């Protein structure tokens with residue numbers, strides 16, 4: 001082997017090993033001795049992982065369906081205890097807040113401001129420990145909201161939120177409510 005061929009063989013071997021670690025089936029295409037075993041093992045691990053992620057995603061989606069249909073409409077503390085982690089972290093409009101009691105306070109304040117508040121799920125997607133939901137919020141502005149006294153105005157706005165769940169409870173929420181539309185509809189802007 002010439003002095004130029006040896007580095008090329010080493011680089012090719014390293015590239016094949018790297019690709020085989022990242023992409024199932026590449027080792028078999030490269031012709032390594034145990035490619036079939038490595039490829040089959042990798043495929044089984046990926047399949048088990050995919051199945052577990054799918055099962056977790058489906059379970060989390062069911063939890064979020066209960067959260068939106070049962071908890072957000074009632075603010076029931078027993079449901080909050082069942083569905084929301086005591087240490088939940090919430091990211092809303094550039095702020096971060098923490099704790100189930102704080103979350104309950106926000107839900108109850110929203111219900112006081114909009115006694116007929118309804119959250120309609122327009123789209124829900126789940127993958128692994130994360131659930132993304134696109135909502136439509138409707139209600140009548142009867143109480144104080146964002147510093148604005150009740151106006152009697154009908155409110156219709158959209159919201160999107162990403163929830164992260166661990167052991168069947170929501171541990172994190174990142175939400176974006178269309179506050180501009182709500183404030184316009186209340187006559188505050």
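Tabulated data for the structure shown
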quantity	calculated
Computed lengthening from residue 158 to residue 123, 0.36 nm per intervening residue step minus Cα-Cα distance	11.5 nm
Extension gain from residue 55 to residue 78, taking 0.36 nm per residue of separation minus the Cα-Cα distance	5.7 nm
Shape category assigned to the range 69-129 from the gyration tensor of Cα positions, a/c cut at 1.5	rounded
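Where a number appears in this text, it was derived from the coordinates with a stated rule and is not lab data. Note that the structure is predicted; figures quoted are calculated from it, not measured.
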